[in-house]
Amino acid sequence: MIELKFKDQVVIVTGSSSGIGKACALHFGSNGAHVVVNYSSNEEAGREVVEEIRSNGGSAILVRADVSEEEDVKALFAEAVNQFGRVDVLVSNAGLQQDAPFLEMTLAQWQKVIDINLTGQFLACREAAKQFIAQDQSVNRNAHSELAIGKIVLMSSVHDVIPWAGHVNYAASKGGVMMFMKSISQELAPYKIRVNSVSPGAIKTPINKEVWSDPDKYKSLLQLIPYKRIGTAQDVAKAVAWLASDDSDYVNGETLYIDGGMTLYPEFADNG
Ligand code: NAD
């Protein structure tokens, strides 16, 4: 019999109406979890994800929340607890790009990306940690195994280590995610809360359609990937699920790169 890795666990995936978040929501849904699908503006797309999970025999609800708004994030967690009684996993995935050359970047472009990609992670992770601790204290501690009482996986990017001209707001936000993740992992580990990140390379989603839908740009993108293929959202979802599962119980504060070797300095393969 196939083991359902997340049977009856409650999993919130922010920004799960498309791309990587959607793939994560579907993956958890088909592994027995109750999934909280979050969207900020595209309700129809969010509803389709919920329907797909349910039609595969899974359990899901849809909740609107802008992750950069404190009250929205609190309401997202409150609704998850209201519907399912607890939260076991947060996949803090929502993010976006607002690209511009540095000399032309407006404060609004800078602020929007920092607000969603970095402050949004702060708000969601803080709420998750509070919930994990509150629900742990409300049950008999002796009944617990030594496994984590809650797991958080943050969506970072290879641009937490690869500088990216023309995208300095994005690279700064993801660099910030790395140190934020490590710091809260250090702080939350004594509570038996595990916090880790995944850093995808080039994954085929709406965020970078402009690159993979143009044959010339796609060809030059492949120069940056030793494994010579673009990643899929499922590649990322499977790694997220591993970090959220008890199979990785002794992994704390790590960043897992899912990038086909993009961070291996591919230009040094036949140079230097
Ligand atoms: P996507 O555009 O398909 O998904 C982004 C999701 O975030 C969407 O569902 C969007 O609605 C949601 N979102 C945006 N602003 C929001 C807000 N304020 N509140 C709640 N949700 C919001 O793109 P994707 O590639 O799936 O991106 C998902 C994450 O993966 C992002 O954090 C992105 O930085 C990261 N990432 C993507 C790639 C890639 O190559 N696709 C590489 C590295 C990292």
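The values are calculated or read from the model by the stated rules, or taken from the named source; none is laboratory data. In this text the structure is predicted, and so the values were computed from the model without any measurement. FYI the Cβ positions are ideal-geometry reconstructions off the backbone, even for glycines, and counts take in every protein chain you see. These area figures cover heavy atoms from the full protein model, side chains too; ligands, DNA and RNA do not enter into them. Shrake-Rupley method; radii C 1.70, N 1.55, O 1.52, S 1.80 Å.
Output the residue which, of all residues in region 1-34 that are in contact with a Cys (Cβ under 9 Å, 6 or more places away or on another chain) and either of a type in the set (Phe, Trp, Tyr) or part of a strand (DSSP E or B) (or both), is nearest to residue 117 (Cα to Cα). Among those residues, the one meeting the criterion is 13. Name every residue in region 2-18 that is small (Gly, Ala, Ser) and open to solvent by 10 Å² or more (accessible area, probe 1.4 Å), in order of residue number. Passing the criteria: 15, 17, 18. Starting from residues that are of a type in the set (Phe, Trp, Tyr) and within 16 Å of the ligand (Cβ to nearest atom), keep the ones in region 57-110 and report whichever is nearest to residue 136 (Cα to Cα). In this case the residue turns out to be 77. Among the residues of region 71-96, the ones that are in contact with a strand residue (DSSP E or B) (Cβ under 6 Å, 6 or more places away or on another chain) and either hydrophobic (A, V, I, L, M, F, W, C) or part of a helix (DSSP H, G or I) (or both) come to 9 in all. Looking only at residues in region 35-56 that are within 10 Å of the ligand (Cβ to nearest atom) and in contact (Cβ under 8 Å) with a residue 40 or more places away in the chain, the one that is most open to solvent (accessible area, probe 1.4 Å) is 40. When residue 183 is tested against (1) near the ligand (Cβ under 10 Å from one of its atoms); (2) open to solvent by 10 Å² or more (accessible area, probe 1.4 Å), only condition (1) is not met. Is it the case that region 30-46 has a residue that's of a type in the set (Gly, Ala, Ser) and under 20 Å from residue 149 (Cα atoms)? Yes. Of all residues in region 186-206, those satisfying the criterion of being surrounded by 15 or more Cβ atoms within 10 Å (Cβ to Cβ) and within 13 Å of the ligand (Cβ to nearest atom) are 197, 198, 199, 200, 201, 202, 203, 204, 205. Any residue at all in region 3-15 that is small (Gly, Ala, Ser) and within 15 Å of the ligand (Cβ to nearest atom)? Checked against the condition, which is being small (Gly, Ala, Ser) and within 15 Å of the ligand (Cβ to nearest atom), region 3-15 yields at least one hit. Checked against the criterion of being in contact with a strand residue (DSSP E or B) (Cβ under 8 Å, 6 or more places away or on another chain), among the polar types (S, T, N, Q) and under 25 Å from residue 5 (Cβ atoms), the candidates 232, 205 yield just one match: 232. Restricting attention to region 171-226, the residues that are basic (Lys, Arg), touching a helix residue (DSSP H, G or I) at 6+ places or on another chain (Cβ under 6 Å) and assigned to a helix (DSSP H, G or I) add up to 2. If you go through region 60-81 and keep only what is small (Gly, Ala, Ser) and open to solvent by less than 30 Å² (accessible area, probe 1.4 Å), you end up with 60, 65, 80. Taking the numbered list (1) of a type outside the set (Ser, Thr, Tyr); (2) within 18 Å of residue 96 (Cα to Cα); (3) within 13 Å of the ligand (Cβ to nearest atom); (4) surrounded by 18 or more Cβ atoms within 10 Å (Cβ to Cβ) in turn, residue 230 passes all entries but (2).
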